[in-house]
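In what follows, a single structure is set out as structure tokens and then discussed.
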Amino acid sequence: MDALHRPLELDLDGARALLARITHCHRYLALFLDRTERLLDDTAVAGTRHGADADLASLWRYFDVQAQRHHHEEDALLAPLLRSAASGASWAAELESALTQIAHEHHLLDFGWPAARQSMQALSRGAGSTDDRARVHAFCTDYRAHLALEDRTLVRWAQRVLNEGSAAFHPLSAARHPRPQPVLQA
């Protein structure tokens, strides 16, 4: 069995590290969204400023790879851990509903990212339209709402399970899935 498909054991410390990584990524993604809108708004008002393209390109490269990796960790690692912990719990149905919605939103956000990125690039060059600006703001708004949902559900339940420690947590062995590939852009 190769290393990519070997079972991955999440013990209590590994699960806590995973949750810390996910919450850190939520904060970074929120900053990314704020910074993207601010840079695009500044560019629209003052024209392309020195360094704005490099700032935006750096943010977008992060999003090309990290957002997909983040979604993968939530769907393939944290969700199964929570399902295991919720087995028979009063909140199991609510959790499953939230996990279904979150996985669906991951698909929509991953699918919508290339068009949003293209609009962001056009706007940063001063060639964007009103539709591009609306697309970027809609993407940022949708992503913020998604992060808020995850914080209310996924993160809250994970913190609860992990804070209860060994009494509620059972090490989870999940099949390791291949990491998502970055979105390739021209």
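Residues in segment 37-64 that are modelled with pLDDT under 60 and either of a type in the set (A, V, I, L, M, F, W, C) or in contact with a helix residue (DSSP H, G or I) (Cβ under 9 Å, 6 or more places away or on another chain) (or both): how many?
Counting residues in segment 37-64 that are modelled with pLDDT under 60 and either of a type in the set (A, V, I, L, M, F, W, C) or in contact with a helix residue (DSSP H, G or I) (Cβ under 9 Å, 6 or more places away or on another chain) (or both) gives 5.
If SER90 satisfies all but one of (1) assigned to a helix (DSSP H, G or I); (2) open to solvent by 70 Å² or more (accessible area, probe 1.4 Å), what's the number of the condition it fails?
Among (1) assigned to a helix (DSSP H, G or I); (2) open to solvent by 70 Å² or more (accessible area, probe 1.4 Å), SER90 violates only (1).
Out of all the residues in segment 89-98, is one or more more than 21 Å from the chain's Cα centre (by Cα), modelled with pLDDT under 90 and either among the hydroxyl-bearing types (Ser, Thr, Tyr) or within 30 Å of ALA57 (Cβ to Cβ) (or both)?
The answer is yes, given that some residue of segment 89-98 is more than 21 Å from the chain's Cα centre (by Cα), modelled with pLDDT under 90 and either among the hydroxyl-bearing types (Ser, Thr, Tyr) or within 30 Å of ALA57 (Cβ to Cβ) (or both).
For the list (1) farther than 23 Å from HIS26 by Cα; (2) part of a helix (DSSP H, G or I); (3) among the small types (Gly, Ala, Ser); (4) in contact (Cβ under 8 Å) with a residue 12 or more places away in the chain, I need the number of the one condition that GLY126 fails.
GLY126 satisfies all of (1) farther than 23 Å from HIS26 by Cα; (2) part of a helix (DSSP H, G or I); (3) among the small types (Gly, Ala, Ser); (4) in contact (Cβ under 8 Å) with a residue 12 or more places away in the chain except (2).
Residues to consider are LEU77, LEU81; find the one that is closer than 17 Å to CYS25 by Cβ and open to solvent by 10 Å² or more (accessible area, probe 1.4 Å).
LEU77
For the subset of segment 8-27 comprising residues that are at pLDDT below 90, open to solvent by less than 80 Å² (accessible area, probe 1.4 Å) and not aliphatic (A, V, I, L, M), which member is farthest from the chain's Cα centre (by Cα)?
Looking at the filtered set, the residue picked out is ASP11.
The values are calculated or read from the model by the stated rules, or taken from the named source; none is laboratory data. What you see is a predicted model; the values in this text were computed from it and never measured. Using ideal geometry, Cβ is built from the backbone for each residue, glycine included, and neighbour counts are taken over all protein chains shown. Just the protein is used for accessible areas: all its heavy atoms, side chains included, with ligands, DNA and RNA removed. Shrake-Rupley method; radii C 1.70, N 1.55, O 1.52, S 1.80 Å.
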